[in-house]
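Encoded as structure tokens, the structure appears first; notes follow it.
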Amino acid sequence: MTRSENTGPIDAAAAAAAEEGTSSQRNLTRWQYGLLFALGLTYTAFHLLVLNVFPIETWSFRILHVAGALVIGFAIVAACAPPAEQRRRRWALELIPMVLTGGLALYALGAVAFAHALRTFQGLDAQSMPLWLFPSLAWALVAATVLGILFAWVFKPRSDRIGWYDWSLMAASLSVAGYLLFHLAALQFRAGVIPTQPDFWVSVAGILLILELTRRVAGMALVVIAAVFILYGFIGPWLPGVLEHSGYAADRFITYLYTDNGILGPTTAVSSTYIVLFIAFAAFLQASKVGDYFVNFAFAAAGRARGGPAKVAIFASGLMGMINGTSAGNVVATGSLTIPLMKRVGYKPQSAAAIEAAASTGGQIMPPVMGAGAFIMAEVTGIPYTELIIAALIPAVLYFASVYFMVDMEASKLGMKGLPSKDLPRLGALLRQVYLFAPILILIGALFLGYSVIRAGTVALMSAVVVSWLTPFRLGPMGAARALELAARMSIQLIAVCACAGIIVGVIGLTGVGLRFSSMLLSVAENSQLLALVFAMGISVLLGMGMPTTAAYAVAASVVAPGLVQMGVQPLVAHFFVFYFSVISAITPPVALAAYAGAAISGSEPMRTSVTAFKVGLAAFIVPFIFFYHPTLLMEGEWWQIAQSLVTSLVGVYLLAAAAQGWFFGHAAWLARGLLFAGALSLISGGLITDVLGLSTAAVLLLWQLRFARGRGGQTPEASSEAT
């Protein structure tokens, strides 16, 4: 796409947003930025090569995957954000801590390197090493980790360089990986069974590093939850009821967490394969400006409609959100463009932020990528990925249709208009460049042709490079290198939260608390299946509050989904039920990360914004109950049953939106809203009798509105009586 064809405020804002999204969090010196660039490039290229060309042993790959993320994460994310500006440092105060922490970190790293050198050049195995080597390494590693985390808070970071304490944490991360790789064969047998003291202390250091990086990139919520689960592993013998367990020795418990049952388990498996691959795909789309084309196309198609920017936010955020991986991250990426424009056409700040939050959250349930949750679901359930994205199609349509109806009704109620044509890209010019959708279409086509997810993602990534050659932003070798480095930066948050979620999953698996929660759900279901579902919904939303979608689903799938399966629910339905509520926890008060991110951009009050986002995304709280009782919405059944469920459910979510907004071809008072809500529930319940009842209710209300509302200035008789 050329600048001459798509000029205007839309493109300028999009370019600024993209530039802001790719900028470094620190204004590093040239050599430090060069080092970081090389690390990021190597990290992503290593993953692509391992996944497609040179496979390596699974544990080794995941250990290197986590270690690389820790190194890059500590380099780019300061402990105290934003970093302090340049100022005179009190070197006298920092000298002793710097020498102590750095010396310990270097000793640990040197000891690991020394051990590998002895093995390589002298053929020594672990039993032949000097007796002092690994115990001293473990103590130095733990001390360097604890001191590095502590001093990162004591001494404020600078904006122009990586802090010496962060260098220590980077060295500690490499030391953990080196020790694990050195003892790999032994650890696969003895970790969590008969561990040594060095195993224990190295695992402690690794867990502390993961928790610290997670705190930096995702906040305290997930760290606190992980800490509570770790504490539960020790105090379980003294807890009552379903929480009680027999207890575990500290060394067995901690080393168990750093195996493929915990940190190196399913969540890290997904982040090391699918997440890195598809974030690289998104990075190539962003680097080639093909991602901007999606936004511009949405503006050209819907920008002139009433409330145009809000409808653009729905389409653009849905497209970008499915490959972004985090609801809050997508709000920041696209909301910096759409929220100011929504305010410009008349939306209140909190409504603008709420619409963007709801749309960005919906991107996590939009096939074919669905953030990263679909990959974890496929890993956990064993259901083929293509079946999952087919099943997700109708619920995603219902969610976005509901948000669209809410937006359109609010725009109609407030008499809004769209953006002027001069501020919008020309649709004709964009239609001539529709080939820029090719990477997404190739991805979908490759999946349904039977390619593996990894191969399909790689082909789509390569097609993004080829498509860029048809634009002024063609990717050459340096452009591809920048995209690979950008992918490493973008993936850090998800990798950290997946590793942290692995800690929680490991504790759940070891203590058996997930099975006990399942039995509790079964006992509740004996009295009321609906009550058990509500209980499962509450746990999923509660676990997801303050957590990225990927981690929220990973935890909820371990605690809640097994109970639903034991109730007799199909695994596909059970996991989709849990997945949906884990996703929409991002717009559920009181802790709604996506809504808070939107509020920061719009300048609205966060709690009010989260309540409004909850209302906008209301359909998402009902759709999981629908496909629980009627799996036809998950493409389970005959085609005519699926078609009937789709049509009646669409009408149902329209009535639901009308009830929430108080607008049904005119103002709807409380009596009309109550009838609309009843009709909506009847239509989306899926039965023939209830469908007829719901359609009859809608028809009667429509005639009522056409007879009275329009004839009396848009008010029903109830509204007129209320006004008098």
Separation in nanometres of the label points that stand 7 Å from Cα toward Cβ, at I454 and S528: 4.8 nm
Entries in K311/K422; K343/K615; K156/K348; K422/K615; K289/K422; K311/K615 that, when Cα-Cα distance is taken, lie over 28 Å: K156/K348; K422/K615
Long-range HN-HN contacts of W663 with modeled amide H, under 5 Å: A668
Kirkwood-Stokes translational diffusion coefficient of segment 429-582, alpha-carbon pairs, 37 °C, 0.692 mPa s, µm²/s: 176 µm²/s
Using alpha-carbon coordinates, inclination of helix 30-52 to the longest axis of the chain, degrees: 80 degrees
Accessible area per residue in Å² at 1.4 Å probe, computed on segment 486-561: 27 Å²
Cα-derived Rg over Rh, computed across segment 236-377 with Rh taken as Kirkwood radius: 1.19
Accessible surface of segment 544-643, 1.4 Å probe, proportion on carbon and sulfur as whole %: 66 percent
Charged-residue dipole, Cβ positions (Lys, Arg, Asp, Glu), the chain about Cα centre, Debye nearest 20: 1920 debye
Student exercise, segment 174-291 dipole from Lys, Arg, Asp, Glu Cβ charges, in Debye to nearest 20: 320 debye
Mean separation of Cα contacts under 8 Å, 6 or more apart, over the residue count of the chain: relative contact order %: 16 percent
Per residue, in Å², the accessible surface of segment 247-327 once ligands and nucleic acids are set aside, probe 1.4 Å: 20 Å²
Relative compactness, the chain, computed as alpha-carbon Rg over 2.2 N^0.38 Å: 1.00
Fully extended contour minus Cα-Cα distance, from R426 to F665, at 0.36 nm per residue: 82.9 nm
Heavy-atom accessible area order for R482, R158, largest first, 1.4 Å probe: R482, R158
Range of Cα positions in segment 304-450 per principal axis (Å), largest first: 49, 35, 24
Shape box of segment 365-483 [Cα atoms, principal axes, largest first, Å]: 49, 40, 24
The chain - mean residue ellipticity at 222 nm from DSSP helices (-39,500 (n - 2.57) per run, n ≥ 4, rounded to 500): -23500 deg cm²/dmol
Heavy-atom accessible surface of segment 220-330: percent carbon and sulfur, 1.4 Å: 66 percent
Counted charge near F576, where neighbours are those whose Cβ lies closer than 13 Å (Asp, Glu -1; Lys, Arg +1): -2
Å² per residue, accessible surface of segment 379-422 at 1.4 Å: 40 Å²
On Cα atoms only, tilt of 164-182 relative to the major axis of the chain in degrees: 80 degrees
Residue-count net charge about Q566 - beta-carbon cut-off 14 Å; Lys, Arg +1, Asp, Glu -1: 0
Cut-off 9 Å between beta-carbons: net charge of the residues surrounding P266, Lys and Arg +1, Asp and Glu -1: -2
Accessible-area composition of segment 430-474, carbon plus sulfur, in percent [1.4 Å probe]: 74 percent
In Å², nearest 10: area of H183 left accessible to a 1.4 Å probe: 10 Å²
Helix 290-302 vs. the chain, principal-axis angle (Cα, 0 to 90°, nearest 10): 10 degrees
Cα-based equivalent ellipsoid, segment 641-699: semi-axes from gyration tensor eigenvalues, Å: 20, 10, 8
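The values are calculated or read from the model by the stated rules, or taken from the named source; none is laboratory data. A quick note: this is a predicted structure, and the numbers were derived from the prediction, not measured. Quick reminder, even Gly has a Cβ in these numbers, built from the backbone with ideal geometry, and neighbours come from all protein chains shown. The area values use the complete protein model at the heavy-atom level, side chains included, leaving out ligands, DNA and RNA. Shrake-Rupley method; radii C 1.70, N 1.55, O 1.52, S 1.80 Å.
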